Ligand code: ADP
Ligand code: MG
């Protein structure tokens, strides 16, 4: 589903160059639940943002469903994101003046979904995260764990095939973190591929796969070998 070959990313400012990712090779298959771990500044968020086509890269290639994302227009990338990818962030990123329902609905409006289709998806998503009764609340009236579940509902309502989660439990206490993790496992069991950045060793163990990044380089027992793939 996802194939990265020798992908590198350099952030350039006037004074310094930061090699955020160095010749990264990675293959993620449909249905995987992979944890991404590594020290702060090692390139985890950069990798996730590139996978989500929110960030460009300097060299190498990224194939999503067998097609390179290189050279795609902003409009084409945005379409790809809308069709395939969902995001969850550490800080929930909910709109505080919008009800839970309206928060989940907003990206569906952007996508031009009809009111009836939006309603159906929102109801389903609220059911999944167990917050149907809180649909008219504002984010500030919910606990952190509940707010993250709203953010998950918002992502899931887009019916993504890939869910990219950047430290989704980073702001949560351990009980709420466990609930969010169980929810992600449930979503994965329904067929959604998940890549999750985490600092929690227990979560990394529970995920089917653990990919480590150190200083922009990937360390993974199941690392993809582009040379072997070429000769196959
Ligand atoms: P992590 O998520 O593992 O903490 P990041 O992917 O955020 O790491 O960052 C990797 C490296 O790239 C760090 O050295 C960081 O300072 C640098 N970096 C990230 N984003 C930018 C940016 N927009 N401009 C310049 N440097 C950046
Ligand atoms: Mg990060």
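The values are calculated or read from the model by the stated rules, or taken from the named source; none is laboratory data. Given the structure is predicted, the values throughout are model-derived calculations rather than measurements. Neighbour counts are summed over all protein chains in view; Cβ atoms, including those assigned to glycine, are modelled from backbone coordinates with ideal geometry.
Considering only segment 60-80, I want to know if a residue exists there that is within 22 Å of residue 218 (Cα to Cα), within 16 Å of ligand 1 (Cβ to nearest atom) and not in a strand (DSSP E or B).
no
Restricting to segment 81-105, name every residue that is modelled with pLDDT under 95 and out of contact with any strand residue (DSSP E or B) (no Cβ under 7 Å at 6 or more places or on another chain).
Listed by number, the residues that qualify are 81, 82, 83, 91, 92, 93.
Run residue 68 past the list (1) touching a strand residue (DSSP E or B) at 6+ places or on another chain (Cβ under 8 Å); (2) surrounded by fewer than 15 Cβ atoms within 10 Å (Cβ to Cβ); (3) within 30 Å of residue 142 (Cα to Cα) and report the number of the one that doesn't hold.
Unmet condition: (3).
Hey, can you tell me all the residues within segment 122-135 that are surrounded by fewer than 19 Cβ atoms within 10 Å (Cβ to Cβ), under 25 Å from residue 79 (Cα atoms) and in contact (Cβ under 8 Å) with a residue 24 or more places away in the chain?
Within segment 122-135, just 124 meets the criteria.
Of all residues in segment 173-203, how many are within 16 Å of ligand 2 (Cβ to nearest atom) and assigned to a loop (DSSP other than H, G, I, E, B)? Step through it out loud before you land on a result.
Within segment 173-203, the first condition is being within 16 Å of ligand 2 (Cβ to nearest atom), and the residues that meet it are 195-200, 203.
Restricting the remaining residues to those that are assigned to a loop (DSSP other than H, G, I, E, B) gives 198-200.
The number of residues fulfilling the criteria is 3.
Do you know which residues across segment 169-186 are within 16 Å of ligand 1 (Cβ to nearest atom) and surrounded by 20 or more Cβ atoms within 10 Å (Cβ to Cβ)? Steps first, answer last, please.
Of segment 169-186, the ones within 16 Å of ligand 1 (Cβ to nearest atom) are 169-171.
169, the sole residue that qualifies.
Residues to consider are 47, 36; find the one that is within 16 Å of ligand 2 (Cβ to nearest atom), in contact (Cβ under 8 Å) with a residue 60 or more places away in the chain and in a helix (DSSP H, G or I).
Numbers: 36 fails: in a helix (DSSP H, G or I).
Selected residue: 47, the only one of 47, 36 that is within 16 Å of ligand 2 (Cβ to nearest atom), in contact (Cβ under 8 Å) with a residue 60 or more places away in the chain and in a helix (DSSP H, G or I).
Quick one: in segment 1-28, of everything that is part of a loop (DSSP other than H, G, I, E, B) and more than 8 Å from ligand 1 (Cβ to nearest atom), which residue is nearest to residue 193 (Cα to Cα)? Let's see the steps before the verdict.
The initial filter retains those residues of segment 1-28 that are part of a loop (DSSP other than H, G, I, E, B), namely 1, 13-16.
With the extra rule that they be more than 8 Å from ligand 1 (Cβ to nearest atom), the set shrinks to 1, 14-16.
On the way: 1: 9, 14: 38, 15: 39, 16: 36 Å.
For segment 1-28, the residue satisfying everything is 1.
Name the single residue, out of those in segment 148-168 being closer than 15 Å to residue 186 by Cβ and either within 16 Å of ligand 2 (Cβ to nearest atom) or surrounded by fewer than 20 Cβ atoms within 10 Å (Cβ to Cβ) (or both), that is modelled with the highest pLDDT.
Here the answer is 165.
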